[in-house]
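Following: one structure in structure tokens, then a few remarks.
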Amino acid sequence: MSGRLIRLASLVLLLSLSACAASPHRPRSPVPVAASEPALLLLVSIDGLRADALGRGDTPHLDRLAAGGVRAQWMRPSYPVLTFPNHYTLVTGLRPDHHGIVHNSMKDAQLGRFIVADQDAGRVPGWWQGVPLWTSAEQAGIATGVWAWPGASAPRDGLLPRYWHAFDAAVPLDTRVDEIAGWLQAADGPRPGLVAVYLENVDGAGHDHGPAAPETHAAIRAVDAALGALLARLDAAGLSDRTNVVVVSDHGMAEVPDGHYIAVEDMASMEEAEVVSIGQVIGLIPRTGHEAAVESRLVGRHPHYQCWDRAGIPKRLQYGSHPRIPPILCQMDEGWNALPRTILDRRDANGSHDRGAHGYDPDLLAMRAVFIAHGPAFREGAVLAPFDNVDVYPLLARLLGITAQPNDGDPATLAPALREP
Ligand code: AMP
Ligand code: ZN
Ligand code: ZN
């Protein structure tokens with residue numbers, strides 16, 4: 001499903017939920033910082049921020065963090081290059097093939113259907129395999145706060161983050177900063193040792209207008225300013241010297257030129273195959289009796305895409321073993337998208353095609369993600385060679401002083417980022 005559709009559907013759901021989100025009581029005053037308090041970890045994800053968006057005048061606060069800390073030349077997203085799979089990878093260190101969020105749109109033999117816009121499905125623990133960072137932290141006695149990070153609304157071992165806010169695109173950035181700063185100042189309970197924040201604004205603008213559009217630059221500036229405001233609040237609370245800040249993105253964003261759309265029905269008819277996912281990574285389940293025909297027609301190279309059977313997915317993508325991955329997978333070339341004809345017709349009629357997309361090959365320049373880290377644990381001014389986003393989780397576990405769960409990352413990759421490797 002395209003970002004625009006997801007956003008529309010989620011808005012409908014969220015309008016009905018927002019009435020119960022308001023907190024009726026006043027927070028207590030911020031609690032002063034005791035010298036013995038352990039370091040805090042603030043993890044921020046800016047959805048869809050390209051690695052090459054930094055240092056171009058839109059990101060003064062991110063650039064300041066990078067200059068005084070560590071940044072990667074770029075970070076390689078995991079396959080598929082979509083929001084939910086990559087966000088859950090960042091907090092588990094597991095490839096999507098291993099944590100079960102194999103796409104933004106999935107089908108599971110027991111659990112049924114999953115789409116990003118369905119917040120009820122997001123709360124079902126069975127979808128989210130592996131143990132997310134906030135669960136391990138809570139189990140180690142570290143309070144956590146999570147703003148909208150994918151996976152945080154599903155209880156794990158009966159636990160949810162101590163502070164939590166559901167995804168809600170309608171909440172203005174400054175309101176989010178107020179609430180998150182309130183958590184960090186221990187205004188309403190124990191001070192969290194981990195706060196994870198997910199911000200969707202840049203992704204939304206990138207889909208609607210394209211990665212190079214003025215609207216996307218404006219969204220980047222707005223998110224950078226919100227991060228600056230949050231850091232200023234930490235400073236005012238006397239917390240900045242003891243806060244390690246890690247800023248990531250899940251993937252970049254590619255231009256979608258005019259007309260770079262094909263109908264998914266041109267891959268396989270609805271009689272021949274069930275379509276599990278659309279957009280850039282198309283999953284197909286051939287219907288009984290049509291398996292051989294669909295496979296022989298699709299597997300291989302086509303104009304603007306290529307298809308594999310599960311076993312034929314290239315090894316470098318580290319994808320294909322999870323039972324939720326459909327038998328046939330088609331990967332669109334950069335800038336191309338496959339959508340149902342009904343959606344294409346509607347968009348042709350009102351001229352509302354997305355101008356940006358991700359979900360393409362993780363090795364493409366346009367898909368490169370951001371990694372910046374700053375704080376007492378980190379060296380100053382270091383630039384790291386590119387690495388895979390599975391390597392972030394072991395670093396985060398180490399910063400929290402907790403044991404990393406079994407994962408696909410390598411703790412050695414980010415050791416050079418630390419003052420004390
Ligand atoms: P995508 O671009 O398809 O990978 O999905 C990312 C988009 O989904 C973001 O731009 C948000 O608008 C939206 N989104 C992110 N998290 C959620 C959520 N928990 N529930 C509903 N929509 C979400
Ligand atoms: Zn994303
Ligand atoms: Zn997106």
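Annotations for the structure displayed:
- Of all residues in the stretch 196-228 being in a helix (DSSP H, G or I) and more than 16 Å from ligand 1 (Cβ to nearest atom), the one that is nearest to residue 396 (Cα to Cα): 227
- Subset of the stretch 263-289 [surrounded by 16 or more Cβ atoms within 10 Å (Cβ to Cβ), part of a loop (DSSP other than H, G, I, E, B) and more than 16 Å from ligand 3 (Cβ to nearest atom)]: 267, 268, 272
- Against the numbered list (1) over 26 Å from residue 249 (Cα atoms); (2) assigned by TED's automatic domain parsing to the domain that holds residue 216, residue 303 comes up short only at (2).
- Residue, farthest from residue 153 (Cα to Cα), within the stretch 81-95, restricted to residues that are within 12 Å of ligand 3 (Cβ to nearest atom) and in a loop (DSSP other than H, G, I, E, B): 81
- Selection count, the stretch 231-256, where residues are within 14 Å of the chain's Cα centre (by Cα) and under 11 Å from residue 184 (Cβ atoms): 0
- Index of the failed condition, residue 110 passing every other in (1) touching a residue at least 24 places away in the same chain (Cβ under 8 Å); (2) within 30 Å of residue 331 (Cα to Cα): (1)
- Taking the criterion of being touching a residue at least 24 places away in the same chain (Cβ under 8 Å) and open to solvent by 10 Å² or more (accessible area, probe 1.4 Å), the residues of the stretch 140-149 that qualify are 140, 142, 143, 148.
- Among the residues listed as 357, 338, the single one being among the aliphatic types (A, V, I, L, M), within 16 Å of ligand 2 (Cβ to nearest atom) and touching a helix residue (DSSP H, G or I) at 6+ places or on another chain (Cβ under 7 Å): 357
- Search result, residues across the stretch 96-124 that are near ligand 1 (Cβ under 10 Å from one of its atoms) and part of a helix (DSSP H, G or I): 119, 121, 122
- Residue among 217, 209, 260 that is open to solvent by 10 Å² or more (accessible area, probe 1.4 Å) and over 20 Å from the mean Cα position of the chain (by Cα): 260
The values are calculated or read from the model by the stated rules, or taken from the named source; none is laboratory data. The structure displayed is predicted, hence computed values, not measured ones. Don't worry about glycine lacking a Cβ; one is built from the backbone with ideal geometry, like all the others, and counts go over all protein chains shown. Note: areas computed on protein heavy atoms with side chains; ligands, DNA, RNA excluded. Shrake-Rupley method; radii C 1.70, N 1.55, O 1.52, S 1.80 Å.
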